[in-house]
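In what follows, a structure is listed as structure tokens, so that the remarks can point back to it.
The values are calculated or read from the model by the stated rules, or taken from the named source; none is laboratory data. A quick note: this is a predicted structure, and the numbers were derived from the prediction, not measured. Here Cβ is always computed from backbone atoms with ideal geometry, including for glycine, and neighbour counts include all displayed protein chains. Only protein heavy atoms, including side chains, enter the accessible area calculation; ligands, DNA and RNA are left aside. Shrake-Rupley method; radii C 1.70, N 1.55, O 1.52, S 1.80 Å.
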Amino acid sequence: MSAIDLSGIEGSLVDGRTKGLPPGAGPLALSAVGGQGWNVLREDLPLPLAVLKRSALERNSAYMRGFLAMAGASIAPHGKTTMSPQLFARQIADGAFAITLATVQQIRVAREYGFDRILLANQVTGAQAARYMAEEVARDPDFQFWSFVDSVAGVERLAAAVKAAGGGRPLRVILEGGFPGGRTGCRTLDDAMEVMAAIIAAAPYIELSGVGGYEGLLAGKDAAARVDGFLDFLVEIALACEQRGAFAPGPILLTAGGSSFYDLVAARFKAAGLSRTFQVVIRSGCYLTHDSGTYEDRFLDLRQRMPGIDGLDVRPVHALEVWAYVQSRPEAEKAILAMGKRDVSYDSRMPEPLYWHRPGRAGPPLPIPERHAVAGLNDQHCHLVLPADSPLQVGDMVAFGISHPCTTFDKWQVIPVVDDDYAVVDAIRTFF
């Protein structure tokens, strides 16, 4: 890994035009945000406001390091979750094998700040994308890049781009398997073997480095069994490729594992039975922030499947919160808060009210009483149903936990990092 350089981010200027910063804030470097003495509970920043809790980030990092050691796997966390090079750097410092990304724009961001091990868990499509990737691989001999492929046409287009870029280095690809009703990926072994043959024919411009897929769309009561079946299919592809001598020299990558079933992926791939050296790479992107909804539920499922996980010193906790003011109590059993679809994710499930705080009151935020729930969101408003005797008043502050962090991060260019007393100690920038 070459030197990661975040100085361009840390030195970038922010001011009161930036969502989440005080309207009167003058231009200041992003790195100076943590030194302003701001505190969320003291109303030093306007709401709505997304914050990251530093202690939770540290805890979640420790959890994943423990899991990987227990499972004998590596991780290339999916950077699309946060699109924050500062958080990418934390993950690399924690020992991540690479950063996974989904688009060429995301790769361009990562390359700008010195990340040189990137896995594209997607297909390179279109002339601009293919040209950029081929030229970037040719330009920098230290750049290690892997891209998914799932079609003969895709392989041929990549090979043509590499050839046009000078063909000095082959582009390494991962043969992707899929399942009916899923996203990309070969649906049958025969389809996969056709793509494998195209990769072999595309030498010296393309070389096969592994097999991968994405299991996260498999859902329902029998999800774990269906995931196991899909992983068996990926192993079948890998064994067939090895038998035909299709893999390039070096460790074979076996990669899958979103943020729901990475335990199943690590266990099945570890037992793949390949003759050559291989590396198991999971791609969970949401572990670093966790959440208060979907991934919290998935972790409870993981604990049932893998009881040994309770032997780790820590378990993941939510690191991302969105705070909002109560701006109206128009009905006895309804409050309107100044937070909406432009501020918080809602694609997986509605935000969950966690704590409340009355400005000027001493002490930490209080837990939200029972029977408080989000009934709907508008662009800038949250409809909170609550009992008539709810303590919430106009001007009170409410912290919400979210489900599916990916679609909260993309709503914020700057997110303050806070300590356990909600003092701002740092800030991260996103690039969506």
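Mind checking which pairs have a first residue in segment 354-370 that is within 12 Å of residue 396 (Cβ to Cβ) and a second that is surrounded by 10 or more Cβ atoms within 10 Å (Cβ to Cβ) and charged (D, E, K, R), Cβ under 8 Å, 6 or more apart or different chains?
So the pair list comes out as 356/396; 357/396; 358/396; 359/42; 359/43; 359/396.
Looking only at segment 295-314, decide whether some residue is in contact (Cβ under 8 Å) with a residue 40 or more places away in the chain, part of a helix (DSSP H, G or I) and among the basic types (Lys, Arg).
yes
When residues of segment 201-220 are filtered for being in a strand (DSSP E or B) and open to solvent by 20 Å² or more (accessible area, probe 1.4 Å), how many remain?
Number satisfying all stated conditions: 1.
Cβ contacts < 7 Å: first residue over 18 Å from residue 400 (Cβ atoms) and in contact (Cβ under 8 Å) with a residue 40 or more places away in the chain, restricted to segment 326-340; second residue in a strand (DSSP E or B) and open to solvent by less than 80 Å² (accessible area, probe 1.4 Å), any location; separation 6+ or different chain. Result?
Here the result reads 333/385, each pair linking segment 326-340 to a residue that is in a strand (DSSP E or B) and open to solvent by less than 80 Å² (accessible area, probe 1.4 Å).
Which condition number in (1) open to solvent by less than 50 Å² (accessible area, probe 1.4 Å); (2) within 30 Å of residue 258 (Cβ to Cβ) is the one that residue 375 fails?
(1)
Only residues that are in contact (Cβ under 8 Å) with a residue 40 or more places away in the chain and either out of contact with any His (no Cβ under 8 Å at 6 or more places or on another chain) or of a type outside the set (Gly, Ala, Ser) (or both): list them for segment 376-390, please.
380, 381, 382, 383, 384, 385, 386, 387, 388
Name the one entry in 416, 405 that is surrounded by 13 or more Cβ atoms within 10 Å (Cβ to Cβ) and touching a Ser or Thr at 6+ places or on another chain (Cβ under 6 Å).
Exactly one of 416, 405 is surrounded by 13 or more Cβ atoms within 10 Å (Cβ to Cβ) and touching a Ser or Thr at 6+ places or on another chain (Cβ under 6 Å), namely 405.
Is segment 82-94 home to any residue that is in a helix (DSSP H, G or I), of a type in the set (Val, Ile, Thr) and more than 29 Å from residue 398 (Cα to Cα)?
Of all residues in segment 82-94, those in a helix (DSSP H, G or I) come to 85-93.
So of that shortlist, the ones also of a type in the set (Val, Ile, Thr) come out as 92.
Adding the requirement that they be more than 29 Å from residue 398 (Cα to Cα) leaves 92.
Checked against the condition, which is being in a helix (DSSP H, G or I), of a type in the set (Val, Ile, Thr) and more than 29 Å from residue 398 (Cα to Cα), segment 82-94 yields at least one hit.
Just give me the residues in segment 267-294 being within 19 Å of residue 118 (Cα to Cα) and part of a loop (DSSP other than H, G, I, E, B), in sequence order.
If we filter segment 267-294 for residues that are within 19 Å of residue 118 (Cα to Cα), which is where we start, we get 278-288.
If the condition is that a residue be within 19 Å of residue 118 (Cα to Cα) and part of a loop (DSSP other than H, G, I, E, B), then 283, 284, 285, 286, 287, 288 are the ones that fit.
Got a sec? Which of 56, 69, 25 is open to solvent by 20 Å² or more (accessible area, probe 1.4 Å) and modelled with pLDDT of 95 or more?
Matching residue, one of 56, 69, 25: 69.
Quick check on residue 309: is it closer than 28 Å to residue 411 by Cα, more than 20 Å from the chain's Cα centre (by Cα), of a type in the set (A, V, I, L, M) and surrounded by fewer than 22 Cβ atoms within 10 Å (Cβ to Cβ)?
No, not satisfied.
Every residue in segment 1-22 that is open to solvent by 30 Å² or more (accessible area, probe 1.4 Å) and within 24 Å of the chain's Cα centre (by Cα), please.
Within segment 1-22, 1, 2, 3, 4, 5, 7, 8, 10, 19 qualify.
Checking the condition part of a helix (DSSP H, G or I) and farther than 19 Å from residue 75 by Cα, which residue from 264, 239 passes?
239
Scan segment 234-249 for residues that are open to solvent by less than 30 Å² (accessible area, probe 1.4 Å) and of a type outside the set (A, V, I, L, M) and report the count.
Final tally of qualifying residues: 2.
Taking residue 344 as meeting all but one of (1) of a type outside the set (Gly, Ala, Ser); (2) more than 23 Å from residue 220 (Cβ to Cβ); (3) open to solvent by 10 Å² or more (accessible area, probe 1.4 Å), write down the number of the exception.
Residue 344 satisfies all of (1) of a type outside the set (Gly, Ala, Ser); (2) more than 23 Å from residue 220 (Cβ to Cβ); (3) open to solvent by 10 Å² or more (accessible area, probe 1.4 Å) except (3).
Filtering segment 72-104 down to residues that are at pLDDT below 95 and of a type in the set (Gly, Ala, Ser), which residue is most open to solvent (accessible area, probe 1.4 Å)?
The extreme case among them is 93.
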